[in-house]
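Asker: What follows is a structure written as structure tokens; I'll ask about it next.
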Amino acid sequence: MSKFWSPMAKRATTYVPGEQLNKPNILKLNTNENPYGPSPKVLAAIQKANDDDLRLYPSPTVEHLKEVIANRHGVKANNVFVGNGSDDVLAMAFMAFFDSENTIRFPEITYSFYPVYANLFNIPNEQISLNEDFTIQPEDFYNSDGGVIFANPNAPTSLYLPIEAVESIVKNNPDSVVIVDEAYIDFASTSAVSLIEKYDNLLVIQTMSKSHSLAGLRVGLAIGNEELIEGLIRIKDSFNPYPIDRLAIAGATASFEDENYFQDVTSKIIKTREWTTKSLKEIGFHVLPSATNFLFISHTEASAKDIYEQLREKDILIRYFDAEKIDNHLRISIGTQEEMEKFVEEMVLILNN
Ligand SMILES: *Cc1c(COP(=O)(O)O)cnc(C)c1O
């Protein structure tokens, strides 16, 4: 703690991301990255953009990329906002739609960036308990003073809340903004984007980090009513008008334009997810029905922490959260089929030990 720090810097609680170990041959199943690389067309587009034009600022409005995203989602370009990863978009959304006078709500078990931002921006918050089975009780989020934010599918639980329930939350908060963080929606089913025409208080946030294999490029987006998007732009333009660089614009555009590659990778991951779920159940794990590219699991006889530590010794990284209510669970990102076969093999050895 330094006397030079602002109150904001002093109260910051900082988000702790999963480890990025730089070791060869590590099996990395801890940060929900895509095991497959981005489309070759994405790499070619980035290479093409890597030229003298880098001396020029990128487009502050990213019009073309917005058009491409709007087309894909069947909305208009002025319903789309683009930021430097969805964490950046989330920060802007907290600043644009939440305030220190009104209490926001989010699930008690969810993406751990929400409490970090709420604290940083001094936003009072109520953390709502989940049901015993980790499902969300929609009614608990109705008529929230300051707004609502939740991830759907939720992390780290991997559970998808049906679109009717999402709609009921949006509908029952007509005077505040409901943010739905759809980081994993491409591995699930219906997106809440289908509801933005109908509700002016709904903001849907998505990312290219997971399903588009572009965590390293840092591109996230928000889709919502034009006035909400304008609110985000006001914050962005008062803060950093050029959050997306030229290489990211080129890569992101190419990725949205290569729908076939994207579909192919996504369905491979879903197939491997189903295989891994079945295999882990066969060796006694409880596996939540995942609608994401990761699994949330527990075992009645083996301790989650022990398993995590034993896997780590074998250079297999998964995620363990030392937090109340989930400290006997493990989160496992879905790798390639080959990687998951190796993972299950090691799990069998650990359990038989
Ligand atoms: C990964 C993740 C994000 C952050 O994604 P970036 O676009 O890489 O910043 C946001 N929300 C949830 C729920 C996530 O799992």
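Asker: Counting only other residues whose beta carbon sits under 15 Å from that of A155, what net charge do I get with K and R as +1, D and E as -1?
Answerer: Details: positive: K210, R273, R319, K325, R331; negative: E33, D87, E108, D181, E182, D186.
Here the count lands on -1.
Asker: Pick from T13, T207, T110: which is most flexible by mean-square fluctuation in a GNM of the chain where alpha carbon atoms under 10 Å apart are linked?
Answerer: Comparing T13, T207, T110 in a Gaussian network model of the chain, the most mobile one is T13.
Asker: Which whole-number percentage describes the relative contact order of the range 201-353, with Cα contacts under 8 Å and a sequence gap of 6 or more?
Answerer: That works out to 16 percent.
Asker: Using 0.36 nm times the number of residues separating K3 and K171, minus their current alpha carbon distance, what extension gain do you get?
Answerer: Details: separation 168, 0.36 × 168 = 60.48 nm, distance 4.59 nm.
That pair, K3 and K171, stretches by 55.9 nm at full extension.
Asker: Using a Gaussian network model of the chain with C-alpha springs under 10 Å, which one of Q20, Q127, Q310 is most mobile by mean-square fluctuation?
Answerer: Maximum fluctuation in the GNM of the chain, among the listed residues, is at Q20.
Asker: Moving to a separate point now. Under 8 Å for C-alpha pairs, at least 6 residues apart: give me the relative contact order for the chain, rounded to a whole percent.
Answerer: Computed over the chain, the figure is 23 percent.
Asker: Would you kindly state the longest site-free stretch of the chain, with sites defined as GluC sites (Glu not before Pro) in a DSSP loop (not H, G, I, E, B) surrounded by at most 16 other Cβ atoms within 10 Å?
Answerer: My reading of the result: 198-300 is the longest stretch.
Asker: Around L161, which amide H atoms from residues at least 5 apart in sequence, or from another chain, sit under 5 Å from its own amide H, with H modelled in the peptide plane?
Answerer: N154
Asker: Taking the Cβ of I326 as the center, what net charge do the other residues with Cβ under 14 Å away carry, scoring Lys and Arg +1 and Asp and Glu -1? If you can, show how the numbers build up before the last one.
Answerer: Values: positive: K305, R319, K325, R331; negative: E108, E132, D133, D322, E324, D327.
Net charge around I326: -2.
Asker: Evaluate E = 1/(1 + (r/R0)^6) for E101 and Q137, where r is the Cβ-Cβ distance and R0 equals 30 Å; express this FRET efficiency to the nearest 0.05.
Answerer: After rounding to 0.05, the efficiency reads 0.70.
Asker: With each pseudo-label sitting 7 Å past Cα toward Cβ, what's the K41-N122 distance in nm, one decimal?
Answerer: 4.8
Asker: Gaussian network model of the chain, Cα springs within a sub-10 Å range: biggest mean-square fluctuation belongs to which of R234, R11, R55?
Answerer: R55
Asker: Further question: Normalised by the number of residues in the range 1-126, what is the relative contact order in percent for Cα pairs under 8 Å and 6+ residues apart?
Answerer: 28
Asker: For the chain, what is the calculated [θ] at 222 nm in deg cm²/dmol (nearest 500), taking -39500 (n - 2.57) for each run of four or more DSSP H residues and dividing by its residue count?
Answerer: Helices in the chain give a 222 nm mean residue ellipticity of -11000 deg cm²/dmol.
Asker: For D327, project a label point 7 Å along Cα to C-beta. Then give me every residue of the range 107-122 with its amide nitrogen under 19 Å of that point.
Answerer: Those under the cut-off are 108-110, 112.
Asker: Obtain the nm distance between the two label points defined at Y57 and E341 by a simple spin-label model: each point lies 7 Å from its Cα along the Cα-to-C-beta direction.
Answerer: Roughly 5.3 nm, to one decimal.
Asker: If I model a spin label at K76 and K305 as a point 7 Å from the Cα along the Cα→Cβ vector, what separation in nanometres do I get?
Answerer: 5.5
Asker: Taking H as built 1.01 Å from N, whose amide H comes closer than 5 Å to the amide H of D181, not counting residues under 5 places away?
Answerer: So D181 has HN proximity to F150, A151, N152, I205.
Asker: In addition: Roughly how many percent of the accessible protein surface of the range 61-155 is carbon and sulfur, given a 1.4 Å probe and a whole-percent answer?
Answerer: Solvent-exposed carbon and sulfur of the range 61-155 make up 41 percent of the total.
Asker: Distance cut-off 24 Å, Cα to Cα: go down the list K66/K171; K28/K271; K23/K271; K76/K271; K48/K236; K278/K305 and report the pairs above it. Working shown, then result.
Answerer: On the way: K66/K171 27 Å; K28/K271 19 Å; K23/K271 28 Å; K76/K271 33 Å; K48/K236 28 Å; K278/K305 22 Å.
Too far apart for the 24 Å limit: K66/K171; K23/K271; K76/K271; K48/K236.
Asker: Enumerate the calculated ³J(HN,Hα) couplings along the range 289-295 in order (Karplus 6.51 cos²θ - 1.76 cosθ + 1.60, θ = phi - 60°), each rounded to whole Hz, writing x wherever the residue is Gly or Pro.
Answerer: Values per residue, Gly and Pro as x: x, 7, 10, 9, 9, 8, 10 Hz.
Asker: Can you compute 3J(HN,Hα) from phi for each residue in the range 253-260, using the Karplus curve 6.51 cos²θ - 1.76 cosθ + 1.60 with θ = phi - 60°, rounded to whole Hz and x for Gly and Pro?
Answerer: Result, rounded to whole Hz: 4, 4, 5, 5, 7, 10, 4, 4.
Asker: How large is ³J(HN,Hα), in whole Hz, for each residue of the range 300-312 in order, when computed from phi with the Karplus curve 6.51 cos²θ - 1.76 cosθ + 1.60 and θ = phi - 60°, using x for Gly and Pro?
Answerer: Per-residue couplings from phi come out as 5, 9, 9, 7, 4, 4, 4, 4, 4, 5, 5, 5, 4 Hz.
Asker: Where in the range 273-288 does the amide nitrogen come within less than 13 Å of the point 7 Å from the Cα of N353, taken along Cα to Cβ?
Answerer: none
Asker: PRE reach from H286 (point 7 Å along Cα→Cβ): which of the range 303-346 fall under 14 Å by backbone N?
Answerer: The answer is 303-304, 325-330.
The values are calculated or read from the model by the stated rules, or taken from the named source; none is laboratory data. These numbers were taken from a predicted model, which means no experiment stands behind them. Cβ: placed from backbone, ideal geometry, glycine included. Neighbour counts: every protein chain shown. Heavy atoms of the whole protein, side chains included, go into the accessibility calculation; ligands, DNA and RNA do not. Shrake-Rupley method; radii C 1.70, N 1.55, O 1.52, S 1.80 Å.
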